[in-house]
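What follows draws every value from the coordinates through simple rules; no lab data is involved. In this text the structure is predicted, and so the values were computed from the model without any measurement. Note: ideal-geometry Cβ built from the backbone for every residue, glycine included; neighbour counts use all protein chains shown.
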Amino acid sequence: MTAKDMFGEGTINQLRRALGEQRAESVVGALDALLANRRLATLVFAVLDVALIVVAVKIFRAAVSHE
């Protein structure tokens with residue numbers, strides 16, 4: 001699956017008009033790479049989610065307990 005398959009030709013054309021041809025191609029290339037490695041991207045985002053939850057819990061505990 002590519003970015004063009006996922007978003008459609010119209011959306012890609014709007015992106016090209018908004019960002020310019022060169023920048024739009026780099027965004028589409030990054031999206032294609034992300035779509036090609038969906039399992040790795042899912043794992044990375046899951047690890048980041050867990051890390052953010054741990055940090056949020058530590059900050060909450062530090063704010064609540066004034067020892």
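Here are some notes:
- Note on T2 and V44: the model spin-label points, each 7 Å out from Cα along the C-beta direction, lie 2.1 nm apart.
- Rounded tilt (10° steps) of 38-64 against the dominant C-alpha axis of the chain: 30
- The phi-based Karplus calculation (6.51 cos²θ - 1.76 cosθ + 1.60; θ = phi - 60°) puts the 3J(HN,Hα) values of the stretch 24-33 at 5, 5, 5, 5, 5, x, 5, 5, 4, 5 Hz, whole numbers, x for Gly and Pro.
- Subtracting the Cα-Cα distance of I53 and V27 from their residue separation scaled by 0.36 nm leaves 6.5 nm.
- Electrostatic dipole magnitude of the chain [Cβ: Lys, Arg +1; Asp, Glu -1; Cα centre; debye, to 20]: 80
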